[in-house]
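Undergrad: Let me begin by handing over the structure; questions about it come next.
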Amino acid sequence: MAEILPLNRNPVERLESALRLLAVSQDAQRDAMNSFRESLYELRDSTARLQASVHGWHRRVGECGRELARAKDAVRTLGETAARM
C-alpha cells in the first residue's frame, strides 16, 4: 500500500522515505517478473508436452487409417473369393 508522506517533515526525510518505498516497489516488481517468467517456462513445457501428445495422436490416427485400408482390402478379397465359390 502507498504511504502518505506528511508535509511537515523536512525534504530530505521525505526523499529518503520515498526512495525506501521505491526500493520496496522495485523488489515487489522483481518478484512479480520472476514469477511471470516461471509461469512462461511452465507454459512452454506444457505446450511442448501437448504438441508431443498431438503428434502421437496424429501418428496413431494414421496407423489406424492404414489398418482400416488393409482390412477393407482383405474384406474385398474375401468377398471376391466368396463370389467365385
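Undergrad: Between LEU78, LEU40, which is within 24 Å of the chain's Cα centre (by Cα) and either in a helix (DSSP H, G or I) or modelled with pLDDT under 95 (or both)?
TA: Sole residue among the options that is within 24 Å of the chain's Cα centre (by Cα) and either in a helix (DSSP H, G or I) or modelled with pLDDT under 95 (or both): LEU40.
Undergrad: If I ask for residues that are of a type in the set (A, V, I, L, M) and open to solvent by less than 100 Å² (accessible area, probe 1.4 Å), which ones from region 44-74 would you list? Before you say what the answer is, go through the steps one by one.
TA: Here is the first cut: in region 44-74, the residues of a type in the set (A, V, I, L, M) are 48, 50, 52, 54, 61, 68-69, 71, 74.
Across region 44-74, the qualifying residues are ALA48, ALA52, VAL54, VAL61, ALA69, ALA71, ALA74.
Undergrad: With the structure loaded, tell me whether LEU15 is modelled with pLDDT of 95 or more and part of a helix (DSSP H, G or I) or whether it fails that test.
TA: no
The values are calculated or read from the model by the stated rules, or taken from the named source; none is laboratory data. All of these numbers come straight from a predicted model, not from anything done at the bench. Quick note on the areas: whole protein, heavy atoms, side chains included, nothing else; ligands and nucleic acids left out. Shrake-Rupley method; radii C 1.70, N 1.55, O 1.52, S 1.80 Å.
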